[in-house]
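A.B. asks: Here you go, one structure.
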Amino acid sequence: MGPAASTTTDKIIVDRSRSHRNRAVSRAVRVTRERLQTNSGTSPAFEREMLVLYIETVLNGALMMPLLIFVVTGIGLHLTRNPTYLVWAILALSLHAIGVLLARHVHRKGLVTDEVRRWQRYFLLAQILMGFAWAVFAVQDCDSCGGNAFDFYQGTALLVALCMTTMSALMLRNALLYAFSPSVAALAFSAIANPDPIAVGMAAIVSVALIFLAFITQRMRRASTQLLSFQSEKDDLIAALEVAKSMSDEARRRAEEANLAKSRFLASMSHELRTPLNAILGFSEVMSTEVLGPLNNPTYKEYTADIHTSGKHLLNLINEILDLSRIEAGKYDLTEEAIQLVDVCDDCIGMVQLRARTKKISITQQFENDMPDVWADEKAIRQVVLNLLSNAVKFTAQGGEIRVKVGWTAGGGQYISIRDNGPGIPEEEIPIVLSAFGQGAIAIKSAEQGTGLGLPIVQAILAKHNGEFILKSKLREGTEAIAILPAKRVLQSLPPVEEIRTVAPRRRSFA
């Protein structure tokens with residue numbers, strides 16, 4: 001294996017279990033592209049296809065030329081009473097049979113691309129031989145015929161033969177010129193030898209017809225080549241699509257396997273890591289608070305505090321990863337009930353108030369009064385507010401300010417807005433921080449490192465509630481995070497039912 005070859009599994013995209021199919025498709029792509037890549041003229045592959053079409057045309061119309069020869073011979077015998085036409089008919093049929101037998105031989109044997117030029121020369125030679133037969137017919141004369149009947153018959157026969165040859169030899173390059181050049185030469189020689197106006201006119205008509213039909217044949221051949229090129233491009237596109245489909249199927253299979261492996265890993269991690277973490281957190285807290293007795297060395301006490309802090313950070317990381325995985329897998333079920341956004345925000349502010357005070361950050365509240373309940377999962381909404389408040393406290397400098405608003409949206413929904421006056425986020429980094437494990441430049445430089453999962457979890461939870469999350473930020477102007485719940489989740493209060501005096505049931509009498 002060469003040094004440039006890669007053996008990593010992520011580089012091997014094509015499924016090796018279907019290698020025979022992939023090789024066939026790749027070969028089809030290579031062949032079709034070779035057919036399209038030609039420097040000048042017609043591609044050899046197109047020449048082969050045209051020659052194959054010519055052979056099929058000759059075989060399918062093999063009886064048309066003999067029928068014409070029989071008609072021409074019969075009319076000639078009727079007009080001239082000359083048995084020479086029988087000899088000419090035998091000669092013409094024999095030369096025509098050579099071309100048909102040659103086409104049948106190639107059709108049975110199969111045409112190889114390397115032999116196209118050789119067989120083209122053989123078929124052109126057969127056309128020349130058939131042209132000599134028509135040249136012999138063109139020099140025939142009838143001294144006993146009166147009027148212009150014989151000249152009309154001879155010219156008509158040559159024009160009909162010229163048209164039939166045009167139709168049958170369309171796919172063979174220059175076949176028409178090779179076939180009827182001897183006839184034109186014979187007519188021209190007769191016109192020069194006997195400058196009769198009819199002979200000169202017939203030579204001129206056949207010559208002009210030959211030139212015109214040769215031009216038409218060339219144009220039709222060019223159009224046929226273009227059609228074959230379009231067909232090859234279509235085949236190339238289909239083959240390329242097959243390759244792309246094979247690669248996408250394999251990539252999808254690998255993604256499904258990776259997702260399954262991730263789910264198994266997370267399911268195992270949920271139990272295998274949380275169990276020892278609970279012990280670490282519990283014992284480190286017992287040791288740091290000196291429940292069972294004092295620690296003689298103060299450094300040990302600092303170590304236990306660090307162990308407890310690190311364990312809490314790791315437990316939070318595991319919980320966030322599991323929450324995001326459940327949401328992505330569609331296993332995050334909502335337990336919906338009627339809740340007050342104001343009460344949830346008030347509780348969450350109280351939970352982060354201690355951290356804010358250590359950094360001398362003030363949290364101001366601006367809540368609208370008498371807001372109705374919303375139909376939502378209280379635990380999920382609480383997690384949304386805590387994530388946004390934690391980010392605001394984390395990235396706000398000493399002595400900063402955080403504003404929390406709860407109010408109505410223009411569409412009748414309710415929103416929670418948390419705005420800080422921290423360093424802000426550059427606009428080009430907002431899509432990064434909204435992606436899983438994405439962190440901006442300021443977050444990376446910050447001393448309080450995070451996982452980069454808080455905002456993606458907020459987005460996913462609000463999406464489960466049919467809500468919306470908006471992040472507005474500018475560099476050195478602070479950040480505002482807005483969580484919006486739609487109007488259909490707002491529970492409108494109904495007026496109380498008025499008391500109605502009951503009517504005493506009427507007694508029935510059975511008189």
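The values are calculated or read from the model by the stated rules, or taken from the named source; none is laboratory data. Model, not experiment: these values are computed from the prediction. Glycine also receives a Cβ, built like all others from the backbone with ideal geometry; neighbour counts cover every protein chain displayed. Ligands, DNA and RNA are stripped out before the accessible areas are found, and what is left, the full protein with its side chains, is counted by its heavy atoms. Shrake-Rupley method; radii C 1.70, N 1.55, O 1.52, S 1.80 Å.
A.B. asks: Tally the residues that are touching a residue at least 12 places away in the same chain (Cβ under 8 Å) and either of a type outside the set (A, V, I, L, M, F, W, C) or open to solvent by 50 Å² or more (accessible area, probe 1.4 Å) (or both), restricting the search to the range 118-153. Quick ask: steps written out before the conclusion?
C.D. replies: Within the range 118-153, the first condition is being touching a residue at least 12 places away in the same chain (Cβ under 8 Å), and the residues that meet it are 119-120, 122-124, 126-140, 142, 144-145, 148-151, 153.
With the extra rule that they be either of a type outside the set (A, V, I, L, M, F, W, C) or open to solvent by 50 Å² or more (accessible area, probe 1.4 Å) (or both), the set shrinks to 120, 122, 127, 129, 131-132, 136, 139-140, 144, 148-149, 151, 153.
Residues that pass the stated criteria total 14.
A.B. asks: Find the residue count for the range 452-488, including only residues that are out of contact with any helix residue (DSSP H, G or I) (no Cβ under 9 Å at 6 or more places or on another chain), assigned to a loop (DSSP other than H, G, I, E, B) and closer than 17 Å to Leu386 by Cα.
C.D. replies: So the answer is 0.
A.B. asks: Looking only at the range 417-430, how many residues end up being touching a Gly at 6+ places or on another chain (Cβ under 9 Å) and either within 15 Å of Val352 (Cα to Cα) or at pLDDT 90 or above (or both)?
C.D. replies: Keep residues of the range 417-430 that are touching a Gly at 6+ places or on another chain (Cβ under 9 Å), which gives 417, 419-426, 429-430.
Still in the running and either within 15 Å of Val352 (Cα to Cα) or at pLDDT 90 or above (or both): 417, 419-420.
Of the residues in the range 417-430, 3 are touching a Gly at 6+ places or on another chain (Cβ under 9 Å) and either within 15 Å of Val352 (Cα to Cα) or at pLDDT 90 or above (or both).
A.B. asks: Restricting the search to the range 154-178, which residues are among the polar types (S, T, N, Q), closer than 17 Å to Val208 by Cβ and open to solvent by 30 Å² or more (accessible area, probe 1.4 Å)?
C.D. replies: Residues of the range 154-178 among the polar types (S, T, N, Q): 154, 156, 165-166, 168, 174.
Pick out the ones that are also closer than 17 Å to Val208 by Cβ and you get 154, 156, 165-166.
Once the filter is applied, which keeps residues that are among the polar types (S, T, N, Q), closer than 17 Å to Val208 by Cβ and open to solvent by 30 Å² or more (accessible area, probe 1.4 Å), the range 154-178 yields only Thr156.
A.B. asks: Yes or no: Val106 surrounded by fewer than 12 Cβ atoms within 10 Å (Cβ to Cβ) and among the β-branched types (Val, Ile, Thr)?
C.D. replies: Working: surrounded by fewer than 12 Cβ atoms within 10 Å (Cβ to Cβ): no; among the β-branched types (Val, Ile, Thr): yes.
Considered against the rule, which asks whether it is surrounded by fewer than 12 Cβ atoms within 10 Å (Cβ to Cβ) and among the β-branched types (Val, Ile, Thr), Val106 comes out as no.
A.B. asks: Of the residues Arg382, Arg419, which single one is under 13 Å from Ile363 (Cα atoms), out of contact with any His (no Cβ under 8 Å at 6 or more places or on another chain) and not in a loop (DSSP other than H, G, I, E, B)?
C.D. replies: Working: Arg382 fails: under 13 Å from Ile363 (Cα atoms).
On inspection, the qualifying residue turns out to be Arg419.
A.B. asks: Count, please, the residues in the range 213-261 that happen to be among the charged types (D, E, K, R), surrounded by 13 or more Cβ atoms within 10 Å (Cβ to Cβ) and under 30 Å from Ser325 (Cβ atoms).
C.D. replies: The initial filter retains those residues of the range 213-261 that are among the charged types (D, E, K, R), namely 219, 221-222, 233-236, 242, 245, 249-250, 252-254, 256-257.
Keeping just the survivors that are surrounded by 13 or more Cβ atoms within 10 Å (Cβ to Cβ) gives 221, 233, 235-236, 242, 249-250, 254.
Retained after the next criterion (residues that are under 30 Å from Ser325 (Cβ atoms)): 249-250, 254.
Count: 3.
A.B. asks: Could you please find all residues in the range 347-362 being under 22 Å from Lys379 (Cβ atoms) and either without any contact (Cβ under 8 Å) to a residue 12 or more places away in the chain or hydrophobic (A, V, I, L, M, F, W, C) (or both)? Give the derivation first.
C.D. replies: Going through the range 347-362, the residues under 22 Å from Lys379 (Cβ atoms) turn out to be 347-355.
Correct list: Cys348, Ile349, Gly350, Met351, Val352, Gln353, Leu354.
A.B. asks: Moving to a separate point now. If a residue has to be open to solvent by 90 Å² or more (accessible area, probe 1.4 Å) and closer than 30 Å to Ile461 by Cβ to count, how many in the range 293-308 make the cut?
C.D. replies: Of the residues in the range 293-308, 0 are open to solvent by 90 Å² or more (accessible area, probe 1.4 Å) and closer than 30 Å to Ile461 by Cβ.
A.B. asks: Can you name every residue in the range 100-128 that is closer than 14 Å to Ala179 by Cβ and of a type in the set (Val, Ile, Thr)?
C.D. replies: Scanning the range 100-128 gives a single hit, Ile128.
A.B. asks: When the residues of the range 179-197 are filtered to those that are in a helix (DSSP H, G or I), of a type outside the set (Phe, Trp, Tyr) and out of contact with any helix residue (DSSP H, G or I) (no Cβ under 6 Å at 6 or more places or on another chain), which remaining residue is nearest to Leu210 (Cα to Cα)?
C.D. replies: Just the residues of the range 179-197 that are in a helix (DSSP H, G or I), to begin with: 179-193, 197.
Those left that are additionally of a type outside the set (Phe, Trp, Tyr): 179, 181-188, 190-193, 197.
Subsequent filtering for residues that are out of contact with any helix residue (DSSP H, G or I) (no Cβ under 6 Å at 6 or more places or on another chain) retains 181, 185, 192-193, 197.
On the way: Ser181: 8, Ala185: 12, Ile192: 19, Ala193: 22, Pro197: 20 Å.
Selected residue: Ser181.
A.B. asks: Next question, about the same structure. Looking at (1) in contact with a strand residue (DSSP E or B) (Cβ under 7 Å, 6 or more places away or on another chain); (2) closer than 18 Å to Phe469 by Cβ; (3) open to solvent by 20 Å² or more (accessible area, probe 1.4 Å); (4) assigned to a helix (DSSP H, G or I), which is the one condition that is false for Val342?
C.D. replies: (2)
A.B. asks: Another question, if that's okay. Being among the β-branched types (Val, Ile, Thr) and closer than 15 Å to Ile461 by Cα is the filter here; which residues of the range 332-373 pass it?
C.D. replies: Taking the range 332-373 first, the residues among the β-branched types (Val, Ile, Thr) are 335, 339, 342, 344, 349, 352, 358, 361, 363-364.
The answer is Thr335, and nothing else.
A.B. asks: Here's something else I'd like to know. State which residue pairs qualify: first residue more than 20 Å from Thr73 (Cα to Cα) and inside the range 84-110, second residue exposed (fewer than 15 other Cβ atoms within 10 Å of the Cβ) and among the aliphatic types (A, V, I, L, M) in any location, beta carbons under 8 Å apart, and separation of 6 or more residues or different chains.
C.D. replies: Val100/Leu59; Ala103/Leu59; Arg104/Leu59; His107/Leu59
A.B. asks: Given the condition touching a Ser or Thr at 6+ places or on another chain (Cβ under 7 Å) and either at pLDDT 80 or above or over 14 Å from Val384 (Cβ atoms) (or both), answer yes or no: does some residue in the range 498-511 qualify? Spell out the reasoning first.
C.D. replies: Residues of the range 498-511 touching a Ser or Thr at 6+ places or on another chain (Cβ under 7 Å): none.
Scanning the range 498-511, I find no residue that is touching a Ser or Thr at 6+ places or on another chain (Cβ under 7 Å) and either at pLDDT 80 or above or over 14 Å from Val384 (Cβ atoms) (or both), so the answer is no.
A.B. asks: Among (1) open to solvent by 70 Å² or more (accessible area, probe 1.4 Å); (2) charged (D, E, K, R); (3) at pLDDT below 80; (4) not in a helix (DSSP H, G or I), there is one condition Glu290 misses while meeting the rest; what is its number?
C.D. replies: (1)
A.B. asks: Taking the options Leu341, Leu334, Leu386, Leu322, name whichever one is within 18 Å of Leu453 (Cβ to Cβ) and touching a residue at least 40 places away in the same chain (Cβ under 8 Å).
C.D. replies: On the way: Leu341 fails: within 18 Å of Leu453 (Cβ to Cβ); Leu334 fails: within 18 Å of Leu453 (Cβ to Cβ); Leu386 fails: touching a residue at least 40 places away in the same chain (Cβ under 8 Å).
One residue alone meets the criteria, Leu322.
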